[in-house]
């Protein structure tokens with residue numbers, strides 16, 4: 001019987017945390033409602049930057065949802081016993097993040113009341129249409145996967161479910177990267193490297209989120225992560241962060257090689273044409289330094305990684321993720337389309353002009369509301385289900 | 001957890017009954033007086049014309065007719081067809097408001113308000129026929 | 001018979017004749033109205049036709065916005081657009097950096113034969129009609145703006161606020177994406193787009209509309225005679241809009 005090892009969160013703390021998370025989620029839903037009534041004019045989005053902060057939050061959550069399942073995969077599919085007890089929490093986080101990300105994505109639609117149309121009319125040349133199946137299928141597969149972990153009679157199918165989940169999330173993350181990879185119009189996208197880049201980013205971000213949640217819950221319950229497990233997970237995060245940095249470097253180096261991409265790269269990396277210089281700051285400072293180099297320095301430190309250092313590195317990786325996604329999604333739209341190469345262009349529709357996007361409160365609330373929804377679902381899941389790994393309590 | 005005094009009080013059968021009665025009574029008190037929702041006022045459309053189908057057929061089938069016609073018009077470019085929305089609006093626009101969906105008593109709004117089935121056609125479609133729109137434009141301050 | 005009764009008889013005949021004519025008119029008039037309605041439905045579009053535009057930028061004056069104003073009033077768009085207003089056509093002023101040569105031209109939806117906006121639309125709302133016109137079926141559009149991301153010409157606009165007083169022939173509303181329709185409501189009735197009509201009426205003669213599939217149409221003859229090019233032809237989208245003088 002596992003019930004005596006069932007780790008609870010203190011009831012008082014649970015209700016307080018639930019109220020907090022619920023309030024954040026409700027604020028997000030309220031912002032979405034206001035956007036639906038008044039239109040997107042109340043946001044900072046224009047006809048030049050049509051995908052803004054909500055997409056940054058949504059894509060982070062969806063990519064992290066795919067990657068957080070890595071922990072379970074390493075346990076079930078690759079047979080690493082240290083990861084097996086962490087699989088249920090990984091599955092729960094995957095579902096919660098997916099739900100939160102999809103909530104933000106669907107509420108940011110111009111017509112969220114037409115989600116039924118999206119669910120019944122499909123144009124299969126569109127990656128978005130494929131993603132409807134990939135995302136909902138992911139939720140179902142993770143649900144089945146969790147069931148094989150919890151239901152003792154189904155334990156022997158856990159590996160098969162794990163393999164199915166692994167294959168499915170490769171397809172899903174490739175689909176997410178392909179949303180951008182297939183766009184021939186914009187210089188920031190139209191690149192095949194985006195699909196594998198998103199896969200590696202999902203590994204890094206998912207593991208970072210897992211480590212943050214695990215650390216927080218262990219701290220609440222007075223548990224301690226065994227030294228050996230911590231060292232392995234920290235090193236793994238470091239490897240993922242390094243691999244992601246490598247693919248981002250390859251993407252930019254290739255772009256720099258093409259003369260036609262030169263102006264765009266100068267805009268992103270050096271801020272040429274941008275009076276504020278927000279994209280180079282976010283890219284170099286937010287992603288490369290804070291999101292990659294500093295975490296790697298902590299995680300690969302010769303004297304080892306303490307629990308605080310690992311938590312800090314994970315938080316930095318997540319901050320870097322938001323910075324990278326903002327540069328990628330918004331920067332790609334801020335830079336004007338090159339309809340007339342070699343020409344200076346002006347028009348009433350901001351042709352040839354850099355568009356500075358400043359998010360307003362509805363976008364912030366909606367994005368953070370999605371995080372709140374993921375938080376609430378994780379909280380309820382941890383309370384109701386036996387997902388916490390059974391590591392030792394603090395002496 | 002032991003049920004305290006307040007909890008015991010609330011769970012007493014009499015308290016439960018009183019609460020239920022209060023809830024139902026307040027609900028009844030807040031209810032709209034009968035007949036607030038006006039019965040649909042089907043204004044006769046333009047004299048000398050007939051609708052494209054008898055009223056019983058229209059009442060039942062107009063959603064399917066409109067849905068079919070919109071695909072025919074948008075995808076196949078057939079305009080001014082028998083079942084076109086502009087055709088409906090042209091005949092059924094109210095004499096008073098010039099619209100089929102502006103006032104609660106206009107043609108579309110009255111039935112849909114009575115049946116409590118919201119429609120969003122006129123978020124995009126003009127609810128006034130073409131020439132009356134021109135008149136409205138001309139008389140705008 | 002007396003003279004008076006003959007006159008009276010003539011008078012009565014006249015009256016009866018007039019009455020009969022009047023009755024006939026009253027009886028026939030609704031019938032005429034019904035026949036008028038029955039004749040009006042326009043035919044289905046086919047792929048025999050491919051509509052296109054030819055824009056002569058040498059005749060396009062910098063600062064002239066006749067085509068834009070015509071489009072705005074025809075389709076009920078904002079005459080003074082803000083960054084969130086929809087613009088279906090805009091005048092673009094270009095200057096070649098190396099040579100300094102300047103040109104002015106209108107840019108609108110290019111109605112590509114291989115439209116990327118159609119490929120990326122998840123619900124199929126963005127579609128290409130049989131006659132080559134690329135449209136948004138706003139009944140299916142969920143407002144995801146993927147087509148706005150995909151269009152190389154920035155042809156699509158998103159409606160950011162609730163709209164009122166739409167033109168009856170041009171339904172448009174908040175939350176959907178839209179773009180130049182090549183005035184389908186006119187073209188289907190045998191007319192030409194409002195921009196072309198305005199440009200021609202003003203005497204600039206910079207815009208030509210016609211059937212690219214018909215070798216004898218004015219536009220086909222012209223593109224056979226004079227070198228024209230498509231914008232971003234390297235993308236191989238085969239737009240239906242061509243430009244002279246670029």
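The numbers here are math on the coordinates, done by the rules we state, and not lab data. Note that the coordinates shown come from a computational prediction; the quantities given were computed from them, not determined experimentally. In this analysis, Cβ positions are derived from the backbone assuming ideal geometry, glycine residues included, and neighbour counts consider all displayed protein chains.
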**Request:** Given the peptides B:46-53, A:126-133, A:306-313, C:229-236, arrange them by the average over their residues of other C-beta atoms within 10 Å, most packed first.
**Result:** A:126-133, A:306-313, C:229-236, B:46-53
**Shielding by other protein chains, A:115-126, mean Cβ within 10 Å** = 5
**Message:** If N is the number of residues in region A:99-209, what value comes out of its Cα radius of gyration divided by 2.2 N^0.38 Å?
**Reply:** 1.22
**Asked** Counting partner chain Cβ atoms within 10 Å of every residue's Cβ in C:231-238, what's the average?
**Response** 2
**Prompt:** Averaged over peptide A:174-184, how many Cβ atoms belonging to another chain are found within 10 Å of each residue's Cβ?
**Reply:** 2
**Prompt:** Once label points are set 7 Å from the Cα along Cα→Cβ at both residue B:105 and residue B:82, what is their separation, rounded to one decimal in nm?
**Reply:** 3.3 nm
**Request:** Give me the angle, in degrees from 0 to 90, between the Cα long axis of helix A:11-38 and the longest principal axis of the Cα atoms of chain A, rounded to the nearest 10.
**Result:** 20 degrees
**Request:** Note the full-extension length gain between residue A:257 and residue A:139 as 0.36 nm times their separation in residues minus their Cα-Cα distance, in nm to one decimal.
**Result:** 38.4 nm
**Asked** Roughly how tilted is helix A:53-68, in degrees to the nearest 10 and between 0 and 90, from the longest Cα axis of chain A?
**Response** 40 degrees
**Asked** Any idea what the relative contact order of region A:1-133 is, in percent, if you count C-alpha pairs under 8 Å spaced at least 6 apart?
**Response** 21 percent
**Asked** In degrees, nearest 10, range 0 to 90: what is the angle between the Cα axis of helix A:361-384 and the longest Cα principal axis of chain A?
**Response** 20 degrees
**Item:** Computed E for residue A:171/residue B:3 - FRET, C-beta separation, R0 45 angstrom, nearest 0.05
**Value:** 0.30
**Message:** Expected output is a single nm value to one decimal: the length gained when fully extending between residue B:29 and residue B:116, i.e. 0.36 nm times separation in residues minus the C-alpha distance. What is it?
**Reply:** 29.2 nm
**Fill in**
Honestly region C:51-244 on the Cα gyration tensor test (a ≥ b ≥ c root eigenvalues; a/c under 1.5 rounded, otherwise a/b vs b/c for prolate or oblate) is just rounded
**Request:** Can you tell me the alpha carbon radius of gyration of region A:308-395 divided by the globular rule-of-thumb value 2.2 N^0.38 Å?
**Result:** 1.79
**Complete:** Note on chain B: alpha-carbon gyration tensor, axes a ≥ b ≥ c; rule is a/c under 1.5 for rounded, else prolate if a/b larger than b/c, else oblate; result prolate
**Fill in**
Dividing the mean separation of Cα pairs under 8 Å (6+ apart) by the residue count of region C:51-244 yields a relative contact order in percent of 30 percent
**Item:** Prolate/oblate/rounded call for the protein assembly as shown, Cα gyration tensor, a/c under 1.5 rounded
**Value:** oblate
**Complete:** Per GNM of chain B with C-alpha springs under 10 angstrom, the most fluctuating residue out of B:112, B:125, B:92 is B:125
**Request:** Report relative contact order for chain A in percent, whole number only (criteria: Cα-Cα under 8 Å, sequence separation at least 6).
**Result:** 31 percent
**Fill in**
Computed from the beta carbon distance with a Förster radius of 25 Å, FRET efficiency for residue C:204 and residue C:233 to the nearest 0.05 stands at 0.50
**Item:** Residue-span extension gain [residue A:156 to residue A:266] - 0.36 nm each, minus C-alpha spacing
**Value:** 34.2 nm
**Item:** Peptides C:141-149, C:98-106, A:381-389 ordered by average Cβ neighbours within 10 Å, highest first
**Value:** C:141-149, A:381-389, C:98-106
**Request:** Let me know the Rg and Dmax you get for chain A when you use only its Cα atoms, in Å.
**Result:** 21.4, 73
